[in-house]
Structures are given as structure tokens and as C-alpha cells.
1. Given Cβ point charges of +1 (Lys, Arg) and -1 (Asp, Glu) and nothing else, what value in debye, to the nearest 20, does the dipole of the range 91-330 about its Cα centre take?
2. Compute the distance from the alpha-carbon center of the range 66-111 to that of the range 167-246, in whole Å.
3. How large is the dipole of the range 82-134 about the Cα centre if only Lys and Arg carry +1 and Asp and Glu carry -1, each at its Cβ, rounded to the nearest 20 debye?
4. Taking only protein heavy atoms into account and a 1.4 Å probe, give the accessible area per residue of the chain in Å².
5. Sorted by mean Cβ packing within 10 Å, highest first, what order do the peptides 302-309, 129-136, 216-223 take?
6. Hey, what's the Kirkwood Rh for the chain if you take every pair of different alpha carbons, in angstrom?
7. Given the options K40, K186, K236, state which has the largest fluctuation in a GNM of the chain using a 10 Å cut-off (strictly under) for Cα springs.
8. At a 1.4 Å probe radius, carbon and sulfur cover how many percent of the accessible area of the chain?
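The values are calculated or read from the model by the stated rules, or taken from the named source; none is laboratory data. Owing to the predicted nature of the structure, the values given are computational and were not obtained by experimental measurement. Heads up, the Cβs are rebuilt from the backbone with ideal geometry, glycines too, and the neighbour counts pull from every protein chain shown. With ligands, DNA and RNA removed, areas are computed over all heavy atoms of the protein, side chains included. Shrake-Rupley method; radii C 1.70, N 1.55, O 1.52, S 1.80 Å.
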Amino acid sequence: MEILKLAVSGWFARALAVAARLEIADVLGDGSMTAAELAKRTETDPDVLYRLLQMLTVPGILERDGDAFRLAEAYAPLRADHPFTQRHFAILSAELYDDAFAGLMHTVKTGRSGFQEVFGESLYAYLETHPETAELFDQGMIDLAAPVAHCLVQQHDFSGAATVVDVGGGSGGLLPGILGAHPGLKGVVADRASVCARGTAALGRVRDQEVLDRISYVPSDFFASVPAGADRYLLKNVLHDWTYDNCVRILRTVATAMAESPADARLLVLEPLVENDIDGWRAMFQAVACDEGTLGLDEPAMRRALEEGGFTVASVTQLPTGHKVLEAALRAA
């Protein structure tokens, strides 16, 4: 039975994505509805939708309320209005990322990218030519960033800092939570030109215009240069996308930018490191979908990369999100 559960688990991921695209969690809200009522609201076949709803009770996403269904409390983040919604990332994972895992055998046999095998190009090249998927990717990354920002501001003191640069920060999903907690702090997103162009629109869910006004975008290639002279630099979920050598290259770019910063400037590397068996799924995803040859880094490897990149690690802390935060200062010449 356990084998069967695991073998069909991908079907449940797809069912979750369909429910998320239909906005079933949003339609249900805090209440309950019958399949017929939901079908009318979602413009779906009532009989087939009923089976989908039944399917979603198996992993506990939905619960029965007589003839009706309600959203289980643990799955409230499927709602788009939840402060830490995971709706978009759920769709991204169950669709694009799951499609990429059709190349898993290729990755296991050759060590090369399964994404490249399936789609004929890298993940980031694919996003450049598929705008709808790129928008979903942007929103999925914001989903992941918001809880991290919430935890980070409780651990790291940004007071006294004037500017923070989020290197490879996508649409800037990490910054609203940080800037909202620190009035006067300005945030800069350094990412690819196409991502920066979508940035303001992607942050449309942020209601605080004053916070949004403090976020700017600078098209950048983090292998070449990023904005210089800031008080804080952030690298969240960036380095794990790249091989060790490319991580060092990125870090050296940041070190060059920090050479023009105040003496107390810091780099914060936020990464869910690969250190135990339970982290193996994450490393496998990196092997399939990220820079060819990427297999994840543990803390000693990340420390070495920082040292080679020109930094000295000042502290390492753990966030409830599973990220380790390596705070680093520019190494004295």
C-alpha cells in the first residue's frame, strides 16, 4: 500500500494545482459548499469536480461538512489573500517542475540537466520565451520569500542600514517584509532585465504603497556587476541554483560591490542547505532543474565558497523556514 501511495502522489500534486488554478480555496473561504455550488462558481463539470473534491480529502486539503466541502485550516495558505500564500508555488511545482522531472532518468544517468533534456533549454532561458510561466514563476518566488522576510527581521538587525540590495532577488518578494519593518530603509533588486521589468507589477499584492515606493530595480548580471555601496546585500535561494565555482563567481561580484560600502556592511546568504537525508529531494531538484552539475551545498562548503569569494563568516543562524543565514563581512585586504 505504501508503494501505491507514493506511486500516485504525483496525481495528487496535479489535483492540488488544478484546485489552485480554479481558486477553490478562495471560493470556499472560511465556509463550505457542495460540489454543485463550487462547480457553478468555477465553471466546471459538477460530476467531475465532485471526484476532484473527494480526491483532495485524501491528503487532508479539503474536509467533509456533510454533503459540502471546506478547506482544512492547515491549507489556508492556498488562498490568494493569505499573508503567506503558497498558491502560486504549488502550481509552479506541480506543473513546470513536475514536467521537468520527466528528465530525472537522464539526470541520474548522465549528471546533466533534466530540464534541458525535456524542454531543450535551461530554466531561465525557457522563462524568457514563456511570459505566462515567467509570471507564475515570479509569483511563486514571492510566495517563498514572504515567510522568510517575516522570520529574518526578527533575527537580523537592519537598523542603521540605509540601503539593502537583493542580489538575484527576482521581483523583490523579500524586500516588502524587510522594508515594512524598517521605515526609511531603501531596497534595490538586482536581477535580469526581463525580471526587473516585471517587478513592480509582480508586487501588486503588496498594499503598502509607501513600502513599494522604496523599492527600485537595477538590471544586473551577478556574474559581472551589481549595485555598489549598500549597507546590506542579500542572496536568498540564489547560490543553490549554481555549481560551486559559479557560486564563488557570484560572491566575488558582490565582494567587488561591497568594496565601496561602509565598513560595517554585511552580506546575508540565506539558503536551505543540503546536510541530511531529508534534504536529498532538494538536491535532486537542483540537479534536475538548475545549473548543470549542481547538487547542493552544506554549511562547510558554503563557508569555503564565501572565503574564496572574499568574505569572512561572522555568524550562522537558523530560520524557522529551514534556511540558514550566513552573515559575512568583506575580508580585510
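1. 400 debye
2. Cα centroid of the range 66-111 versus Cα centroid of the range 167-246: 24 Å apart.
3. For this selection, approximately 220 debye.
4. In whole numbers, the chain has 48 Å² accessible per residue.
5. Result, highest mean first: 302-309, 216-223, 129-136.
6. 21.2 Å
7. Ranking K40, K186, K236 by mean-square fluctuation puts K40 first.
8. Working: 8670 of 15960 Å².
Ligands and nucleic acids excluded, carbon and sulfur give 54 percent.
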